[in-house]
Every structure is written in structure tokens, then in C-alpha cells.
Amino acid sequence: MDDMTHFLDIYGHLPRAGPGSTASTRRAWALMTDLPASPRVLDIGCGPGVQTVDLLQLTAGQVLALDFLPLMVERTRALAAQAGVADRLTVLQQDMHEMDFAPASFDVVWSEGAIYNLGFENGLNKVKPFVRSGGHVVVSEAVWLQPAPPALVVAHWQEYPEIDTIAHKLAVIGRLGYTLQGHFVLPESDWTTDYYDPMERLLPLKAKQWAGGPDEDKGLAVIDEARREIAMYRQNSAWYGYAFFVMKRRG
């Protein structure tokens with residue numbers, strides 16, 4: 001197995017691919033206004049499809065869910081079928097950098113914990129043509145919760161330099177021609193219940209499974225990194241988190 005295989009053998013089998021909850025998805029959805037009865041929704045970086053199914057259950061519309069990992073595409077389809085909403089779902093295996101939808105194709109563009117792959121500002125710019133005038137873009141994004149975080153926390157986030165304060169995120173939203181409908185910080189339980197807690201339970205099982213194998217070192221490196229990530233959050237959750245931003249396209 002290569003490093004990515006080990007990574008997916010852990011992160012690809014968690015209830016969620018990142019922080020979130022049905023309650024937060026529903027709260028963000030409720031902040032939108034003037035939606036059509038059957039909106040067209042694009043879910044970017046859908047992961048295993050938990051929020052995708054939530055979106056399908058919140059509306060009578062159609063959802064196009066996009067992810068570049070075949071495993072996530074399969075999980076999204078299976079979850080929608082289990083929930084009885086697969087008839088209104090299309091799943092596309094594609095890198096979000098390659099998205100090229102027709103202008104004004106969607107009433108809502110949604111992305112939970114995945115817009116960072118494009119960068120916050122670049123991502124909002126990229127999806128803007130896809131949503132109709134007066135339509136919505138809704139994303140959850142990494143933010144600083146307090147000024148001047150400790151150096152070790154800053155170092156932890158060095159691979160995503162666009163993590164910033166909520167105030168700076170709101171300034172980007174306004175500058176790009178969106179009107180803010182609302183925002184809120186995800187509770188700590190959104191990080192733990194379906195993400196870090198099940199990951200923590202899975203790690204010793206994977207360590208035992210990979211022990212003595214030809215790629216044990218690679219597997220243990222992935223496990224060690226996961227443990228560091230969990231510990232970083234549990235010890236420093238006052239400094240960073242995810243925030244939902246709900247915005248409407250102007251013009």
C-alpha cells in the first residue's frame with residue numbers, strides 16, 4: 001500500500017470526511033432566502049455524502065454531488081439509496097479544479113469543509129458564474145477564533161495559509177460581490193462526534209492490522225499524523241475552528 005491508500009483506509013471510512021453535523025447543515029440551509037420550490041444544488045467535495053443526503057431531504061430539488069475520489073462517489077450513491085433520495089441525485093467523479101458548468105446552472109452552490117482545496121477567495125470566484133443571480137453560495141471554512149494564536153497552532157495550519165479571522169473572510173465575501181446572509185461557528189461536537197472520535201477508535205485497529213506488514217512504517221506514519229491532528233484540536237480548539245458562511249450572489 002502507498003501513503004494515500006493508508007490515508008484512505010482511515011479517513012475514507014469515517015462517518016464524515018471532516019467537521020460537520022446534520023444540525024449545522026440544517027442551520028446553514030435555514031439562513032438562505034427566496035429559494036425556488038425545487039432548487040438545483042451543486043455540492044462540491046461531497047465526501048461520503050452525509051450532507052448531500054441532508055440537502056436532498058431539505059428540498060424537493062435536484063442535487064449534483066462532486067468528489068474526485070471513487071470511494072466517496074460510491075459512498076454518496078449508497079447513502080442516498082439507503083435514504084430513498086437517489087432519484088434526485090447525480091454524482092460526478094471530478095477534481096473541483098476542473099469544474100466547468102454552464103453559467104447560472106445552479107440555485108445553490110454548497111461546500112462543507114472542502115473549499116480550501118481551491119482556496120477561499122479563488123473558490124468563491126470560481127463558483128460564482130455557476131450560480132444564478134440571487135442564488136446562494138454556502139461554505140464551511142477554517143477560521144481563527146482568537147487573534148494571535150500560538151506558534152505551534154500556526155505551524156499546524158501552515159499548509160493552508162488562507163486560514164484567517166471571520167472578519168477577514170467577511171471582507172473577502174463582500175469584495176467578491178456577494179451579500180452575506182449569515183454565518184456561525186461550528187460547535188466542537190461537529191469536530192468530534194462523527195470525525196475525531198471514530199477516528200480515534202479506528203487508529204489502534206489499523207495499527208494492529210498493519211503491524212509486521214511490508215508497509216508498516218508508512219501506515220504508522222499516517223496513524224501518528226492523525227493522532228497529532230486530534231491532539232492539536234483537543235488541546236487548542238479555542239484558537240481555531242470551522243465557520244459556515246451563507247451568501248447570496250449580487251447581479
Cα-based reach from LYS206 at 26 Å (exclusive), listing lysines while leaving out same-chain residues under 8 positions away: LYS218
Three-way shape label, the chain, alpha-carbon gyration tensor, a/c 1.5: oblate
In Hz, Karplus ³J(HN,Hα) per residue of the stretch 35-45 (6.51, -1.76, 1.60; θ = phi - 60°; x = Gly, Pro): 7, x, 4, 10, x, 9, 10, 10, 9, 8, x
Fully extended contour minus Cα-Cα distance, from GLU121 to HIS168, at 0.36 nm per residue: 15.8 nm
Whole-angstrom gap from the stretch 146-167 to the stretch 86-111, using each part's C-alpha centre: 30
Segment MET4-THR22, length gained on full extension (0.36 nm per residue, minus Cα span): 3.7 nm
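What FRET efficiency would be calculated for the residue pair LEU205, ARG88, taking the C-beta separation as r and a Förster radius of 51 Å, to the nearest 0.05? The partial results should precede the final answer.
On the way: r = 36 Å, r/R0 = 0.71.
Computed FRET efficiency for LEU205 and ARG88: 0.90.
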Hits among aspartates and glutamates - C-alpha to C-alpha of LYS128 under 16 Å, sequence gap 8 or more where chains match: ASP43, GLU98, ASP100, ASP107
Point-to-point label distance, LEU145-GLU159, nm (Cα→Cβ direction, 7 Å offset): 2.2
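Values quoted throughout were computed directly from the atomic coordinates according to the rules given, and no laboratory measurement underlies them. Keep in mind the model is a prediction, meaning the values are calculated, not measured. Note: ideal-geometry Cβ built from the backbone for every residue, glycine included; neighbour counts use all protein chains shown.
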